[in-house]
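K.L.:
Please see the structure below; I have some questions.
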Amino acid sequence: MNTPAETDQPAAAKVLDPHHVAWVLRVADGSLVLSQRMTEWCGHGPVLEEDIAFSNIALDLLGQARLLYSHAGALEGRGRDEDAFAYWRDEAEFRNPTLVELPNGDFGQSVLRAWAYVSWQCLVWARLEESQDPALAAIGAKSIKESRYHQEHLGAWVVRLGDGTEESHRRMQAALDYLWPYTSELFHLDAVDSAAMHAGIAPGLDTLSETWAGYTSALLQTATLKTPAPTPFMATGRQGRHSEAMGYLLNELQSLARAHPGAHW
C-alpha cells in the first residue's frame, strides 16, 4: 500500500521552497524524539498495562515520523529516505522542540510532558487537514485520530496523579514547574513557520496557543495543579540548538545503524 507521501510525489516535485521541507522535518523530528523517550519506559512502567500503553503511543509517534520523513524525502528530491533522516543526521540538524528531548524524570513527568506535546499535535493535525500540501493533509487526518486517543489517555493520568496522594501531587507540580518554560517554544513563529504558513502549507503556530492554553488550564484545574507564571525563557531546539540531553539520546537512537552502515533488517 502506498503512503500519502508516495502517492503525491509528482506534486511534491514541483515544490521548491526549502521552508516546506524544513517545516515537515521539524514536525517529524518532534514525533521521532518523543517516541524514543517513551520507549525508554518499556519494561519500567508502574503497571504492565501502562508499560504496554506507553509502548503503543511510542509506536504511533514513530509511525507519524516515518510518514513525514518519507514525504520530506519526496519533497527534497535528494534520495534521502526515513532512515537517512533518523540515523544519519547530526544533532544540530535535528529541529525538534527541546521539550521532547528532555530526560524522562519520573513517571509523572513523562506523562505530563507527553500530554503537553500530543495536545499541541492535536491542534497541528487538525489544521493540517486544510493544508495546500495534499500529503500533509492526509497525514494530519490519519494522525489526529491517534493523537486524540493519546491526549485522553495521558490526560487521565495527569488528573490521577495530580489529584492523588500528597506525594503524587507534589511530584506533578514539580514536573509542571520544570516543564512549563519549554512549552512556549511550541508556539514561537520564526521564518520557517511564517513561510510555511503564508504558502498555505502549515498553520500559524502562534494562533494555536490560546486554544492549547485553554484546555491545558482546564486539565490542570481538574488535577489541582497550579499553572506556573510565564517566563522570558525560550528554548531553541527547533533552531538546532539543543540541550545536553540530545546528544545522549541520539547516540542511543543511532548507534546500531552507525555501527553497521548499509545494513538492512
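K.L.:
Considering (1) touching a helix residue (DSSP H, G or I) at 6+ places or on another chain (Cβ under 8 Å); (2) outside any helix (DSSP H, G or I), say which one Arg78 fails and leave the rest.
P.N.:
With respect to (1) touching a helix residue (DSSP H, G or I) at 6+ places or on another chain (Cβ under 8 Å); (2) outside any helix (DSSP H, G or I), Arg78 is out only on (1).
K.L.:
Please state which one of Tyr87, Tyr69 is in contact with a Leu (Cβ under 8 Å, 6 or more places away or on another chain), under 21 Å from Gly262 (Cα atoms) and buried (at least 22 other Cβ atoms within 10 Å of the Cβ).
P.N.:
Details: Tyr87 fails: buried (at least 22 other Cβ atoms within 10 Å of the Cβ).
After applying the criteria, what remains is Tyr69.
K.L.:
Scan Trp23, Trp41 and give me the residue that is under 29 Å from Gln239 (Cβ atoms) and outside any helix (DSSP H, G or I). Step through it out loud before you land on a result.
P.N.:
Values: Trp23 fails: outside any helix (DSSP H, G or I).
Among Trp23, Trp41, only Trp41 is under 29 Å from Gln239 (Cβ atoms) and outside any helix (DSSP H, G or I).
K.L.:
Return the pairs, sorted by first residue and then second, in which the second residue is of a type in the set (D, E, K, R), the first residue lies in the range 49-61 and is in contact (Cβ under 8 Å) with a residue 12 or more places away in the chain, the beta carbons are less than 8 Å apart, and the residues are 6+ apart or on different chains.
P.N.:
As it stands, the answer is Asp60/Glu146, since those pairs meet every condition given.
K.L.:
A follow-up question, please. Can you say whether Glu152 is among the acidic types (Asp, Glu), touching a helix residue (DSSP H, G or I) at 6+ places or on another chain (Cβ under 9 Å) and farther than 19 Å from Leu99 by Cα, as far as the supplied structure shows?
P.N.:
Values: among the acidic types (Asp, Glu): yes; touching a helix residue (DSSP H, G or I) at 6+ places or on another chain (Cβ under 9 Å): no; farther than 19 Å from Leu99 by Cα: yes.
No: the conditions fail for Glu152.
K.L.:
So Arg170 clears everything in (1) part of a helix (DSSP H, G or I); (2) more than 18 Å from the chain's Cα centre (by Cα); (3) surrounded by 18 or more Cβ atoms within 10 Å (Cβ to Cβ) except one condition, right? Which one?
P.N.:
Evaluating Arg170 over (1) part of a helix (DSSP H, G or I); (2) more than 18 Å from the chain's Cα centre (by Cα); (3) surrounded by 18 or more Cβ atoms within 10 Å (Cβ to Cβ) leaves (3) as the failure.
K.L.:
Please work out which residue is nearest to the chain's Cα centre (by Cα), limiting yourself to the range 209-232 and to residues that are without any contact (Cβ under 8 Å) to a residue 24 or more places away in the chain and in a helix (DSSP H, G or I). Break it down stepwise before answering.
P.N.:
Of the residues in the range 209-232, the ones without any contact (Cβ under 8 Å) to a residue 24 or more places away in the chain are 209-210, 213-214, 217-218, 221, 229, 232.
Filter once more, so that each one left must be in a helix (DSSP H, G or I): 209-210, 213-214, 217-218, 221.
Details: Ser209: 16, Glu210: 19, Ala213: 17, Gly214: 20, Ser217: 20, Ala218: 22, Gln221: 24 Å.
Result: Ser209.
K.L.:
Does the range 97-112 hold any residues that are surrounded by 20 or more Cβ atoms within 10 Å (Cβ to Cβ) and either in contact with a strand residue (DSSP E or B) (Cβ under 6 Å, 6 or more places away or on another chain) or of a type in the set (Asp, Glu) (or both), and which are they?
P.N.:
Across the range 97-112, the qualifying residue is only Glu101.
K.L.:
Something else: Can you pull out every residue in the range 234-263 that is touching an Asp or Glu at 6+ places or on another chain (Cβ under 9 Å) and not small (Gly, Ala, Ser)?
P.N.:
Taking the range 234-263 as the starting set, the residues that turn out to be touching an Asp or Glu at 6+ places or on another chain (Cβ under 9 Å) are 234-240, 242-243, 245-247, 249-250, 252, 257.
Met234, Thr236, Arg238, Gln239, His242, Met246, Leu249, Leu250, Glu252 - these are the residues of the range 234-263 that are touching an Asp or Glu at 6+ places or on another chain (Cβ under 9 Å) and not small (Gly, Ala, Ser).
K.L.:
Go through (1) surrounded by fewer than 23 Cβ atoms within 10 Å (Cβ to Cβ); (2) acidic (Asp, Glu); (3) at pLDDT 95 or above and name the single condition Glu50 misses.
P.N.:
(3)
K.L.:
To continue, here is another question. How many of the residues making up the range 126-157 are assigned to a helix (DSSP H, G or I), over 24 Å from Thr222 (Cβ atoms) and not charged (D, E, K, R)?
P.N.:
The number of residues fulfilling the criteria is 10.
K.L.:
Of all the residues that make up the range 177-195, how many are over 15 Å from Phe233 (Cβ atoms) and either free of Cβ contacts under 8 Å to residues at least 60 places away in the same chain or over 18 Å from the mean Cα position of the chain (by Cα) (or both)? Before you say what the answer is, go through the steps one by one.
P.N.:
The initial filter retains those residues of the range 177-195 that are over 15 Å from Phe233 (Cβ atoms), namely 189-195.
Filter once more, so that each one left must be either free of Cβ contacts under 8 Å to residues at least 60 places away in the same chain or over 18 Å from the mean Cα position of the chain (by Cα) (or both): 189-191, 194-195.
Residues flagged as over 15 Å from Phe233 (Cβ atoms) and either free of Cβ contacts under 8 Å to residues at least 60 places away in the same chain or over 18 Å from the mean Cα position of the chain (by Cα) (or both) within the range 177-195 amount to 5.
K.L.:
For the range 134-149, what are the residues that are in contact with a helix residue (DSSP H, G or I) (Cβ under 8 Å, 6 or more places away or on another chain) and either of a type in the set (Phe, Trp, Tyr) or surrounded by 23 or more Cβ atoms within 10 Å (Cβ to Cβ) (or both)?
P.N.:
As a first pass, look at the range 134-149 and keep what is in contact with a helix residue (DSSP H, G or I) (Cβ under 8 Å, 6 or more places away or on another chain): 134-144, 146-148.
The answer is Ala135, Leu136, Ile139, Gly140, Ser143, Ser147.
K.L.:
For residues in the range 227-265 being surrounded by 11 or more Cβ atoms within 10 Å (Cβ to Cβ) and of a type in the set (D, E, K, R), which is farthest from Gln109 (Cα to Cα)?
P.N.:
Arg258
The values are calculated or read from the model by the stated rules, or taken from the named source; none is laboratory data. This is a predicted model, so every value here is computed, not measured. FYI the Cβ positions are ideal-geometry reconstructions off the backbone, even for glycines, and counts take in every protein chain you see.
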